[in-house]
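One structure is given below, encoded as structure tokens.
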Amino acid sequence: MKKAGKDRAQNFMKLLIQAQDKLGELMKEQEFHKIQILLEDCQEAAVALGTFIEQSEGSGFAAVSFLEEYCELAYRLHEEFSGAQTDAGKIYQSMKRKLVKAENSIRNDIPIRKEAVFLPYKASMWDSLESVWRAADADPDCDAYVIPIPYYDRNPDGSFAKMHYEGGLYPKDVPVIDYQDYDLEEHHPDFIFIHNPYDNSNLVTSVEPFFYASNLKKYTDRLVYIPYFVLGEIDPRNKSAVDNIAHFIIVPGVWYADTVIVQSENMRQAYIDVLTEYAGEKTRPDWEKRILGLGSPKLDKAVNAKVSEEEIPEDWKPLLYRPDGTKKKVVFYNTSLTALLNESDRYLGKMQDVFQTFRSFQNEVTLLWRPHPLIQATISSMRPKLWEGYQKLMRQYRKEGWGIYDDSAELDRAIALSDAYYGDTSSVVQLCRAKGMPVMIQSVLAYQNLK
């Protein structure tokens, strides 16, 4: 039983004991009519409490048996006051003893279970929560639920456009619950874990507003935010470097969370300093308690990433393996939103040049292109004309079929298959480095100068 449920049962028990004491007072005063009414109320309360405990702990639980016996005695006492009342005092004392036994059973025999809810929105970002969920799921005293939530693209004016729900894209061993089938108010889980910190402040997408951090805080004892990204490590004493990541830190998810788990102690210090500067020096002790540098689950996933033959799509295999069965070198090509938005048409030219180069080496090296998961929602909303050029390039790449196009939720599979990283500065860089892969950052400016 959850702590909140056990507290509810114990409080209910205290009220029932108080009613029993009141019953004793009425018996001394021989208020027979009031006694009969109160006995009926006590029976109803005991039945309700027993049903509540049975639904949580199952049939045959000791406290339930004591409450059932209490109800039988209450009925006998009710009958006594309809007759000679010869055994009323003895029955009353037996009732008190049953309540004491039931109270002791509730206090000592009901174990407290924790309930943890994980609310990812994009399946491709599930790796930011997965290792924490697996630990919670393995805990015999914890009920852990994965509940993917819907999100919306935004129109240029900020209004909601198409809704997305990716509940069917999670790994097969991750049991998913439909968000419409779980009542947060009724369950009031001990923990809620989120990886989306933006609430209404993201110009490109938005999760369903009910799931904003500002609202979720009402439905849990502890709201935990774990970033969906991994930043390049910085020295927290480097003010310029810290200022450059401040926009990742001053977000609603950090502000409303009871606990924020970041990738390192250095990053923890950066968060604390940024938030203290923003909210005032008096708030530093609070941020020091709330921000924990325990590491990123994304790094855990990347370091341990492996892939079996069954997990490799059939149409990828001819691109990954030579006719003699030996595996080609695979380069993970990552294109980001920021670079594409900043460089626009020049960036498309750079991509075209990259494709031409890798096409000429396709017998030795396979390019695995993995675009940012929000690229369509972002570019089509913010730069419709740029989206047309990007789409044309993407379709040509896929049609030619000499390289892999990966827009799946399986980031860890792409990392496991790859031997090197090439592309934009991104949180994926940190994951590939953690895996021990060589990393090269592409430069659109260098490409432009060469032209």
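Taken together, the values in this text are just the output of simple stated rules run on the coordinates, not laboratory data. The shown structure was predicted, so the numbers you read here are calculated from the model rather than taken from an experiment. With ideal geometry, Cβ positions are generated from the backbone for all residues, glycine too; neighbour counts draw on all protein chains shown.
Some values worked out for this structure:
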{"item": "Modelled FRET efficiency - R0 22 Å, residue 419 with residue 443, Cβ distances, 0.05 increments", "result": "0.55"}
{"item": "Added length on full extension, which subtracts the Cα-Cα distance from 0.36 nm per residue, residue 304 to residue 135", "result": "59.3 nm"}
{"item": "Gain upon complete extension [residue 324, residue 100; 0.36 nm per residue less C-alpha separation]", "result": "72.9 nm"}
{"item": "Residue 143 versus residue 388: modelled label distance in nm, points set 7 Å from Cα along the beta carbon direction", "result": "5.4 nm"}
{"item": "Computed lengthening from residue 15 to residue 160, 0.36 nm per intervening residue step minus Cα-Cα distance", "result": "47.3 nm"}
{"item": "Efficiency of FRET from Cβ geometry, residue 292 and residue 4, R₀ 22 Å, rounded to 0.05", "result": "0.35"}
{"item": "Exposure proxy order (Cβ contacts within 10 Å, fewest to most) of 201, 336, 59", "result": "59, 201, 336"}
{"item": "Residues 195, 78 arranged by fewest to most Cβ contacts within 10 Å", "result": "78, 195"}
{"item": "Residues 418, 56, 264 arranged by fewest to most Cβ contacts within 10 Å", "result": "56, 264, 418"}
{"item": "Computed E for residue 87/residue 186 - FRET, C-beta separation, R0 45 angstrom, nearest 0.05", "result": "0.55"}
{"item": "Helix-only [θ]222 nm of the chain, DSSP H runs n ≥ 4, -39500 (n - 2.57) each, per residue, nearest 500", "result": "-15500 deg cm²/dmol"}
{"item": "For mean projected area of the Cα convex hull in nm², calculated from these coordinates, the label among (i) 20.1; (ii) 29.4; (iii) 24.0", "result": "(ii)"}
{"item": "Exposed GluC sites (Glu not before Pro) absent: longest stretch of the chain, with sites in DSSP loops and at most 12 other Cβ within 10 Å deemed exposed", "result": "1-313"}
